[in-house]
Amino acid sequence: MTKTPILTVSNLTAIFPDNNGGLHALDRIAFEVHPREFVCVLGPSGSGKSTLLRILAGLLPPTAGQCAFSGGENPRIGMVFQQANLMPWRSVIENLTLPLELAGMETDAARVKARELIELVGLGGFEENWPRDLSGGMAQRVAIARALIHDPDLLLLDEPFGSLDALTRERMWTELSRIWQRRQKTVLMVTHSISEALFLADRVLVLTQRPGRVKLDLAVDLPRPRNDEMRYTPEFGQLARRLKEAIG
């Protein structure tokens with residue numbers, strides 16, 4: 001891992017106007033993310049986790065502070081939400097090629113790139129399927145592929161498996177870990193699950209109750225690749241206890 005961060009967040013504050021002096025969502029958040037690092041953000045409901053991701057994605061302006069990206073002011077950012085939000089009238093491959101077509105890429109070249117990502121996320125053979133024919137886990141794989149289609153500098157994941165059943169969710173941890181190791185993207189992911197964070201992340205940031213502040217920045221020194229059995233080791237349990245104590 002290089003020493004120069006790809007993202008530096010400094011004194012980031014978010015206050016939303018209301019009739020009671022303003023809703024203070026984030027308070028002087030500060031942290032760094034390095035290239036190819038996988039960072040998870042944990043915290044109680046209402047701690048500002050999703051607000052943080054939306055500010056990083058450029059969807060919301062901060063009230064104060066800044067997010068500085070190395071290599072320029074306009075990084076390529078991919079984002080995956082809790083719902084896949086696929087266009088129901090377009091097939092899997094057409095959902096993936098749309099961003100490239102809008103950017104002016106020739107259709108055949110766009111389909112070649114889309115097929116590469118379809119194979120990467122394990123959906124080979126489903127290129128022409130409609131979103132209604134996909135399971136929740138498959139739809140989220142398409143959403144991840146769509147977020148990767150522009151080769152982003154930073155991939156933001158906002159509880160991408162939150163709407164899935166427990167078994168599918170745990171399978172998706174393994175899939176996402178595999179995809180990350182293949183592509184070595186820089187990832188910042190919001191989750192409510194301690195196990196999910198520890199299974200996936202190099203570091204876990206724990207936010208306090210609103211207004212969200214960074215309470216703990218925990219390095220996850222578990223070996224990779226990670227498997228399901230690792231979750232039952234003493235090392236995993238010790239890290240989980242630290243995170244649970246920090247969340248309160």
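A short reminder: the numbers here are calculations on the coordinates, not readings from a lab. Here the structure is a predicted model, which means the values were calculated and not measured. Note: ideal-geometry Cβ built from the backbone for every residue, glycine included; neighbour counts use all protein chains shown.
At a glance:
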item: Helix-only [θ]222 nm of the chain, DSSP H runs n ≥ 4, -39500 (n - 2.57) each, per residue, nearest 500; result: -10500 deg cm²/dmol
item: Full-extension gain in nm, Asn227 to Glu32, via 0.36 nm per residue minus C-alpha separation; result: 67.5 nm
item: FRET efficiency estimate (nearest 0.05) - Cβ-Cβ, Ala68 to Met105, R0 22 angstrom; result: 0.15
item: Nonlocal amide H pairs with Met105, under 5 Å, H built at 1.01 Å; result: none
item: Taking Trp173, Trp130 and counting other C-beta atoms within 10 Å, the order from fewest to most; result: Trp130, Trp173
item: Residue-span extension gain [Ser163 to Ser135] - 0.36 nm each, minus C-alpha spacing; result: 8.9 nm
item: Net +/- balance of residues flanking Leu53 in space, Cβ distance below 11 Å, scoring K and R +1, D and E -1; result: 0
item: Nonlocal amide H pairs with Ala25, under 5 Å, H built at 1.01 Å; result: Ala14, Ile15, Phe16
item: Estimated vicinal HN-Hα couplings, Hz - segment 233-248 in sequence order (Karplus 6.51, -1.76, 1.60; Gly, Pro = x); result: 8, x, 5, 5, x, 5, 5, 4, 5, 4, 5, 5, 5, 5, 6, x
item: Relative packing of peptides 75-82, 218-225 - highest average C-beta neighbours within 10 Å first; result: 75-82, 218-225
item: Listed peptides 96-102, 200-206 by packing density, highest first (mean Cβ within 10 Å); result: 200-206, 96-102
item: Candidate lysines for bridging to Lys244, where Cα separation is under 27 Å - those fewer than 8 sequence places away on the same chain excluded; result: Lys49, Lys215
item: Relative packing of peptides 57-64, 154-161, 16-23, 207-214 - highest average C-beta neighbours within 10 Å first; result: 154-161, 207-214, 57-64, 16-23
item: Table column - 3J(HN,Hα) (Hz), segment 101-117, Karplus curve with 6.51, -1.76, 1.60, x for Gly and Pro; result: 5, 5, 7, x, 6, 5, 4, 5, 5, 5, 5, 4, 5, 5, 5, 4, 6
item: Local electrostatic count at Asp153 - Lys and Arg +1, Asp and Glu -1, tallied over other residues with Cβ under 10 Å; result: +1
item: Relative contact order [Cα under 8 Å, 6+ residues apart], the chain, whole percent; result: 27 percent
